1. Tell me the per residue accessible area of the range 7-46 using a 1.4 Å probe; a whole number in Å² is fine.
2. For the range 75-176, which whole percent of the accessible surface, found with a 1.4 angstrom probe, sits on carbon and sulfur atoms?
3. Any chance you could look up the accessible area of M151 with a 1.4 Å probe, heavy atoms only, rounded to 10 Å²?
4. Suppose every K and R has +1 on its Cβ and every D and E has -1 on its Cβ; what is the size of the dipole of the range 77-219 about the Cα centre, in Debye to the nearest 20?
5. Step through the table entries K89/K194; K89/K214; K60/K194, compare each Cα-Cα distance with 24 Å, and write down the pairs that go over it.
6. Can you run the Rg to Rh ratio on the chain? Use alpha carbon positions and the Kirkwood inverse-distance Rh.
7. I want to verify a result. In a Gaussian network model of the chain, Cα cutoff 10 Å, which of these has the top mean-square fluctuation: Q185, Q100, Q70?
8. Which net charge results for the neighbourhood of D84, defined as the other residues with beta-carbon distances under 11 angstrom from its beta-carbon, given Lys and Arg at +1 and Asp and Glu at -1?
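The values are calculated or read from the model by the stated rules, or taken from the named source; none is laboratory data. The shown structure was predicted, so the numbers you read here are calculated from the model rather than taken from an experiment. FYI the Cβ positions are ideal-geometry reconstructions off the backbone, even for glycines, and counts take in every protein chain you see. Side chains are part of the model used for accessible areas, which takes the heavy atoms of the whole protein and leaves out ligands, DNA and RNA. Shrake-Rupley method; radii C 1.70, N 1.55, O 1.52, S 1.80 Å.
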Amino acid sequence: WQEARGLYQRAIELNPGYATAHHWLGVDWCALNGRSEEAAAHLETALQLDPLSSIIREGKAYLHFLEGRQEEAVRGYTEIIQDDPTFYKGYTSLGRAYAQEGKYLDAICMLEKGRALAGDVPNILAAMGQVYALGGEPGRAREVLGKLERMRAQCHVPSTAFAVVHLGLGESDRALDWLENAYRQRESPLTSIKVHPIYNPLRGHPRFQDLLRKLRFVG
C-alpha cells in the first residue's frame, strides 16, 4: 500500500495536471483505505482538471456509495447516465446502489441495461446474482453461479464474483471460501473489502478479519 501511494504521488509531482493520477489515488488508494476526506479532495481536483470525464464522476459517486450515502450516490450515477447514456458503468453502479437501498427490481433493471452495453462481464453477472438472491429468487441466483462456472472454462472469472452471489444467498462460509481464494490468486477486486458495504454481513467473522490482516488493512 505504501509503495503504491508513493507511485501515485510521484506521478502527480511529475504532472500536477494529470487528472487520472488524482482520480485513482482517490478511488483506489484513499477510499479503499477508509480515508474518505483525502479521497474526496483528490476526486475534486480530478474533476476540476477533467470535468466531463464519466469515469471520474463515477468515482465521486462511488465514494458516496462506500460511505453509505446512497441517495447522493444514486443522484450522481443518474446524472452520469443522463449526460452519457452509453457509459455502462453508470448503469451497473446505479444498480448496486439501488440494491443497497433494497430496491431490487430497480437494481436488476439497471444492471441489465449495463449488461446490454458491456456484455456478460463476470462482475455484472455476479451483482445480478446477488440481487436475485436478496430479492427472493434464489433459483435465478444459482443459475448465475452456474453461468459463472461455465465461463471459467473460457475466461478469467474473479473469485469475488462467486463470493458476492453466495453472500446474497446468505452462505457466508462459501463466500469466505471464495474470498480466501481471491487472496491466494492476488485478485485486485478483493482490495475493496475493508470499506465496501456488500461485505458488511461478514465483518464480525474471524476469517474475514484474518483477510483484512493479510491485506494489511489492520495490524
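1. Here the residues of the range 7-46 average 49 Å² of exposed surface.
2. Answer for the range 75-176: carbon and sulfur cover 48 percent of the accessible area.
3. 30 Å²
4. For this selection, approximately 520 debye.
5. Table pairs above 24 Å Cα-Cα are K89/K214.
6. Looking at the chain, the ratio lands at 0.96.
7. Judging by the Gaussian network model, the answer is Q185.
8. My count for the surroundings of D84 gives -1.
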